[in-house]
Every structure is written in structure tokens, then in C-alpha cells.
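Structure first, then comments.
All of the numbers you see were taken from the coordinates with simple rules; none came from a lab. Note that this is a predicted model, so its numbers are computed, not measured. Virtual Cβ from ideal backbone geometry, glycine too; neighbours counted across all protein chains shown.
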Amino acid sequence: MADATLSFWGEVDPVSGKVIGKGHPLEGQSLAGRVLVIRSTRGSSATPMVLNLAKLEGVAPAAFINQEVDSLAALGAIVNGIPMVTDLERSPFEVIRTGDYVVVDATEGMVEIRRAEAQASGGG
Amino acid sequence: MELTPEQRAILEGARGPYLAQCMRWLVEWGEVMGARRLVRCDNTHVLLCVPNLVARGASPRTLETFAEGLKEACRHPVASHCVATVHTLFVTLDPLDVPENDPGQVRVQREIAEMAARAGYLTTFTCAPYLVGNVPLKGEICAWTESSAVVYANSILGARTVRHGNESAIAASLLGVVPEFGVLLDENRRGTLLVEVQAELRHATDWGALGYFTGKIAGLGIPVFDGLRRLSQDEAKQLCAALATSGGVSMFHIAGVTPEAPTLEAAFGGKVPHDRVIFTERDLRDTYASLRNATGDEIEAVILGCPHASLREISRVARWLEGKRVADGVRLWINAARVTRRAHPMRHLPHQHAHGLPAACDRRLQTGPLRAGDDRRGSDRGRHRGLPTRRADREVDGRWLRRSGCVLAAWCEDGRKERRWWPTRRSRSGARWIRSRAR
């Protein structure tokens, strides 16, 4: 989770599922199977392609929670069957913390947060 | 979304499962983006590349599945009323060009290219379709991939296209329709941010710096520039590419210059905002500085043509290179569409062949294979930094580089500026840089 934009083209490695953008707040973190909370994606037309490759490699994000919806991320989510929600009642950056368990229901437009506090320390 | 009976029938499979899936992509995408209908689209620019380099280390099965998806797309003909050009590849298909091409990748890509041509795609393999004959008119509805070309089409040409991905552009090519949202609608083509340009833009890359600066601030919005003169095609290319790189900009206006902004008021649809961002000489300098990450003096490759070089740009390089040669151990690349390369007489370039590749076609810098030693490179494009490749951490963005008195890259008419970014000094090899010597 980061209150930042992310370009899937160039800043995400579709093979490892990790953020590789130099200086990006999520640099080095894996998106595989996780809920990605960012302001929006940005940049390239290749966003759906990178997501497709990541999905085929089994390292695509489990879901997107975005503040602004970038049309290319929306397309990538649709084509690859990855749930995405946006325009939430509260800013996701205020209520979600890295490491939380988040259930994203894009059909209903619901996000359920289960705090990670009960988990062993060192998470997040 | 409201669909015509014919569109609904396609969605339900009347023309087979693949077109049904294409229609589903367009309809679901449109619904998410707030479209109310599908509108006719006669002009597309699609991505049909096998992404081996991006997916280095991926399992063969992933790449096979991906390639099979493209082949499946190419088994269906392009809609008869639609002109469909093709984006760059990750390899060049010309065997003379890049011996480092992975033969397996070339084979698969060639197969897809041949299928695409049979399906009715124009295999231009360029990121700048507007340089090779795909020049939509004002108001023309398009479905283009390549974010920099989208900005160019909307802003400079007055055509209308949202930023497409490969799936949506392929679907639009086959079905001849696109969901109507975003900048396809008048009300979404108005300015959202006023940028007053105080810095003097002397060189084409200065326009790129302005774009990079503005894209970061504008996000997904539409910047309106005030205080700019009429710009050239090369300057427009730079500005568009940079805006699309640092932000998610789909279009901009230049008051008094671009087709939909005869005045500042028109650009904003009436009310000019009070707040404005000012782009000063200092911002220009800072932007350049932020894009440069040179760590040494040695240069191994110089890469021009991202987005693809125009005839005019190649001519300029050719004039610069007349009577000179590229330094030993350095490779000069000019990426251009194959149509452009064929069209250019290259009068001054043939002597380059002995040293490498004067004009590589089909692909572009970010995606093309580089020799193992090509990590230290100079380029003329801020775009390379904004959408970095996996090699980007070692990339050098040094513009207008000269070495050993041999011109490596030849973009600059202004030696003064050059010294500002690359002060005259001795390189490790003892040779002097920079134009002060070349003069």
C-alpha cells in the first residue's frame, strides 16, 4: 500500500511480481496475491499486458483498491479478472494499513478490513 | 450501457466466442468508465508484440499462452471500415539489423506479423503512427495504444482517443466500435490545470522537460499551456511523450496554438481558473537535473528516436554526422519506423554501417535488445527515464553527447546549453567531450 502512482510498465516485474521502480515507495515489495492499495496506476498502454503476464506467471495482485481509476488499469483488471474498487466512502490510505487482511468485493463495491494486529509482530 | 441489437448479438456469441469476448471487454470497460454506448471507430493502433524481454525469466508456457492469445486475435479480420496500424515490437524482423535478436522470439513474432498482415493490419511497427501515414483528422474517433501517440492524436491533431491497451485496441479493430467515455466526449476535453510557461524553450528536448514537469502535476488531468509559441512536429513529439510518461495525461491544449484552443477561455470551456502553475527557467533546469543519473564519463551507446524518429530528425542527424564517424566501442542507434527508414535517402549515413546500426526499425529503445555492454547510454529523451526498463537503474540519460571529437549524437544547435548539462571536461580516456572542442 502506498499513496502514490505506479506504472506497471517498467515499475513492476511481471515474472517476480515485485515492484522494481527505483525510489518507488513499494520498491522491492511483491504484489503477488496481495491487495494493491495505490492512488492510481499511470503511464503506459502496456499495463494490461504486464498484468496478463503476471497473471500467467501466477504473481498478479489479488485485487486493486484505487483512489482514482486509470482506464488502463480498469481494462487490465477486466481482461484478467482481477477485482478493482475505487471511489470508496473513506480514503483507503486512512483506514487500511499495510499487512491488514482486506476482502475486496468488486461486485458489491465493498471492502472489509481485518486488522493485522493479532498477527505476529514483524508483519507489514 | 445501451447496445444495439447487433452489438448484443455479438456479445451473446452470434459471431463466435472470440468476438463475444472482445465485445465483453469493450462493454465492461465502458461500463466501468461510465460509457453509455459504443460508437463507431475507424482508426486503431494495436500492440501485437511478444514480450519476451519484459518477461525475462518467465516460463515458456506463459510466453506461449501470451503469443497464442495474439495469434487467436489475428485469426479474425479487421473490420472493413477500420484502418489498423501496428505498434513497435520487442525485436526487429530485419535480419540485417540486430544480430542479438533471440531467434525463437523472432520466429514467433514473424509468424504473428504475417497473420496480422493477412487479417488486415498495416504492419507499420511504430510508436508514432502519425509519422507514417496514420494521421487522423480533427474529431476522428480512434483506438490507439501508445500513450505518447494518444496525447499527440488528441492534442495536436484534434482526433479523439482514450489510452488503449492491447486487448481493447484489438477488440476495436475487429468490431469497429469503442465505448464512448473520457476524451471522446466534448465535456471531458476541457482544461483542468493552467500552466504558465515563463521559461524560454529553445530546444526540442526543452519541450520534453516541460512535459515531464507538467505530467507529474497534472496526473490524469488536462493541462493548458499559456505563453507558448507555435511548436514544430519534433517539439510536439517530445512534449506529448513526456506528458504521457510522468503522468496519465491523455491530452493538453496550448492556448492559441492547438486545434481546440483558439483562446485560453476556449481551452477551459469558458472559465479560466485563477490558480496556475508556473514553469520557470529554474524548473527547466531542475527537471533536467532530475532526469539525469550519469555516473561516469564513458559512453557505450547513444540512442535516438523514442518516440520513433521522423524524416526530419534523421536528416538532422545525418547532417551532423557528415564527414565524421562514430567512436570505436560506441554504438549509435536511431530508432525509426521501417517506412521512415526506407523513405529516407540516408545520404550521409552509409559509412555508419561498419560501426553498428544507423537506423533500427520495428522496435524501440525501451523494448529492443541491447548488447550486454550497452548499459551506459546517452539518449535524447526524458521518456526513457520515466518508463524505465529493468535496466534503468544503470541507464545514463545524457543528451547531446560527444566524445573524442566524434559526434555521437547530434541533436543540439545550442552549444551553450550543452555545457550547462555536460560541462566540458576530460573523459577517462583522455579525450575531450562536448562541442566546445568539436567547434
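Data table
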{"read-out": "Low-density loop cleavage sites - trypsin sites (Lys or Arg not before Pro) in region B:118-200, where at most 12 other Cβ are within 10 Å (DSSP)", "value": "B:LYS138"}
{"read-out": "DSSP loop GluC sites (Glu not before Pro) with at most 14 other Cβ within 10 Å: longest gap in chain A", "value": "A:28-88"}
{"read-out": "Loop trypsin sites (Lys or Arg not before Pro), region B:191-238 (other Cβ atoms within 10 Å of the site Cβ: 12 or fewer; DSSP)", "value": "B:ARG229, B:ARG230"}
{"read-out": "Separation in nanometres of the label points that stand 7 Å from Cα toward Cβ, at B:SER80 and B:ARG312", "value": "3.9"}
{"read-out": "Average projected area [Cα convex hull, region B:190-289], square nanometres", "value": "5.4"}
{"read-out": "Region A:1-104 - Rg (one decimal) and Dmax (whole number), Cα, Å", "value": "12.2, 34"}
{"read-out": "Histogram of C-alpha separations across region B:5-186, 10 Å bin width, %", "value": "10, 37, 35, 16, 2, 0"}
{"read-out": "Separation in nanometres of the label points that stand 7 Å from Cα toward Cβ, at B:VAL277 and B:TYR18", "value": "4.2"}
{"read-out": "Backbone HN-Hα couplings from phi across region B:193-208 [Karplus 6.51/-1.76/1.60, Hz, Gly and Pro as x]", "value": "8, 9, 10, 8, 9, 9, 5, 8, 9, 9, 10, 3, 6, 4, 5, x"}
{"read-out": "Chain A, relative contact order in percent, only Cα pairs under 8 angstrom and at least six apart counted", "value": "21"}
{"read-out": "Of the GluC sites (Glu not before Pro) in region B:138-227, those whose Cβ has at most 11 other Cβ within 10 Å and which sit in DSSP loop", "value": "B:GLU200"}
{"read-out": "For region B:115-253, convex hull of alpha carbons as volume per residue, Å³", "value": "105"}
